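The values are calculated or read from the model by the stated rules, or taken from the named source; none is laboratory data. On a predicted model such as this, the values are computed, not experimentally measured, just so you know. Counting neighbours? That spans all protein chains shown, and the Cβs are built from the backbone with ideal geometry, glycine included. To get the accessible areas, we keep the full protein, side chains included, count just its heavy atoms, and leave off ligands, DNA and RNA. Shrake-Rupley method; radii C 1.70, N 1.55, O 1.52, S 1.80 Å.
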Amino acid sequence: MLNHCRRFLPTEGKKRIKALNREVGELVRSIIKKRQEEIKSGKASNDNLLGLLLESNMKGSQQDGMTIEDVIEECKLFYFAGQETTAVLLTWTMILLSMHPEWQVRAREEVLRVFGKNKPDFDGLSRLKIVTMILHEVLRLYPPLTYLPRHTYKTIKLGDVTYPPGVLLRMPILFLNHDPEIWGEDASEFNPERFAQGVSNACKNHQMGFFSFGGGPRICIGQNFGLIEAKMLFSAILQRFSFELSPSYAHAPLIVMTLVPQYGAPLMFRRL
Ligand code: HEM
């Protein structure tokens, strides 16, 4: 359907992407094969995501089951959507808590109040208010995904503009998250306090201003999981270390699929 507007020009970059895509596909295929054999021989149960996807595959296509190609695509989606996004959230949080040590202190106080020196548990994680405010503010200023691509497949009217089929649209998460009309005059400042009354109360006059996890039917399915991972990690770090940026850090956000610090995030840790 889209071929007429997506002609393939074999540049070096595109050839490399194609080769990497093939390599990742083969890697996933070999994991799937191993898992299928384990399920058949009764060595593995289907109590995780891959198991559930394979169960759907084994039911067969006559019952709307997934093909192995579908399963491979779903595995790739979960891995890339879940791994890289959470990794850059963690990196930016370390950077911002180093730049704003007063928030690092507040976050540590909260973590020690909730867990002491004990291992973070699920109940306690859901009570971390300051840490949650910080993570939302980091996601606002440095959203791992900076825009959402959409393709019109039929004529569609958005506001006053009518788009024909085949138009590529980009929902600019980064711009929305930095818009002073939505967030107020301090939109470009790091101020986790704005999330003190929750996400929907943080935007001045717009329910959907915070777009880091997308919105609507395709909203991120792993947002709670990603936030729990991040809270777990920061609790463990804050309990044990204080940290600051190395003088060699250069602030240079760059979009390479996700929004990354171009020259990395060299940090110095001090054991508490
Ligand atoms: C901080 C971390 C994360 C951020 C910022 C993030 C962001 C997003 C965004 C913006 C979308 C919408 C894409 C679109 O509408 O085109 C999305 C979709 C998705 N995310 Fe996340 N994500 C994160 C973590 C995760 C994790 C941990 C998982 C899985 C374990 C995950 C799995 C997915 C999946 C499967 C979709 C596609 C949902 C669909 O199309 O129905 N994400 N994510």
Margin query: Looking at 157, 119, can you tell me which residue is among the basic types (Lys, Arg) and in a loop (DSSP other than H, G, I, E, B)?
Written below: 119
Next item on the list: Looking at (1) of a type in the set (Gly, Ala, Ser); (2) in contact with a helix residue (DSSP H, G or I) (Cβ under 6 Å, 6 or more places away or on another chain); (3) part of a strand (DSSP E or B), find the lone condition where residue 230 falls short.
Entry: (3)
Note to self: Would you confirm, using the coordinates I've provided, whether residue 135 is assigned to a strand (DSSP E or B), within 16 Å of the ligand (Cβ to nearest atom) and touching a Lys or Arg at 6+ places or on another chain (Cβ under 8 Å)?
What the structure shows: no
Note to self: So, in the stretch 223-240, exactly how many residues are farther than 14 Å from residue 107 by Cβ and open to solvent by 30 Å² or more (accessible area, probe 1.4 Å)?
What the structure shows: 5
Notebook entry, point to check: Looking at this structure, is residue 260 modelled with pLDDT of 95 or more, surrounded by 15 or more Cβ atoms within 10 Å (Cβ to Cβ) and within 15 Å of the ligand (Cβ to nearest atom)?
Noted result: yes
Next item on the list: Select from the stretch 199-233 the residues that are near the ligand (Cβ under 7 Å from one of its atoms) and in contact with a Lys or Arg (Cβ under 7 Å, 6 or more places away or on another chain) and list them in ascending order.
Entry: 212
Next item on the list: Return yes when residue 66 is touching a residue at least 60 places away in the same chain (Cβ under 8 Å) and buried (at least 16 other Cβ atoms within 10 Å of the Cβ) and no when it is not.
Entry: no
Next item on the list: Determine the pairs where a residue that is within 17 Å of residue 92 (Cβ to Cβ), located within the stretch 216-240, has a partner that is near the ligand (Cβ under 9 Å from one of its atoms) and of a type in the set (Ser, Thr, Tyr) with Cβ atoms under 6 Å apart, the partner being 6 or more residues away or on another chain.
Entry: 226/86; 229/86
Note to self: If a residue must be at pLDDT 90 or above, among the polar types (S, T, N, Q) and assigned to a loop (DSSP other than H, G, I, E, B), how many such residues does the stretch 166-217 contain?
What the structure shows: 4
Check: Hey, residue 113 hits all of (1) open to solvent by less than 20 Å² (accessible area, probe 1.4 Å); (2) more than 16 Å from the ligand (Cβ to nearest atom); (3) assigned to a helix (DSSP H, G or I); (4) not aromatic (Phe, Trp, Tyr) but one; which does it fall short on?
Finding: (1)
Next item on the list: Examine the stretch 88-98 for a residue that is out of contact with any strand residue (DSSP E or B) (no Cβ under 8 Å at 6 or more places or on another chain) and more than 9 Å from the ligand (Cβ to nearest atom), and state whether such a residue exists.
Entry: yes
Next item on the list: Could you grab the pairs with beta carbons closer than 6 Å, sequence gap of 6+ or different chains, first residue in the stretch 142-154 and without any contact (Cβ under 8 Å) to a residue 60 or more places away in the chain and open to solvent by 50 Å² or more (accessible area, probe 1.4 Å), second one more than 7 Å from the ligand (Cβ to nearest atom) and of a type in the set (D, E, K, R)?
Entry: 147/170; 149/170
Checklist line | Some residue of the stretch 41-50 being modelled with pLDDT under 90, in contact with a Lys or Arg (Cβ under 7 Å, 6 or more places away or on another chain) and not in a loop (DSSP other than H, G, I, E, B) | finding: yes
Item checked: Failed criterion for residue 246 (all others in (1) away from the ligand (no atom under 12 Å from the Cβ); (2) in contact (Cβ under 8 Å) with a residue 24 or more places away in the chain; (3) surrounded by fewer than 19 Cβ atoms within 10 Å (Cβ to Cβ) hold) -> (2)
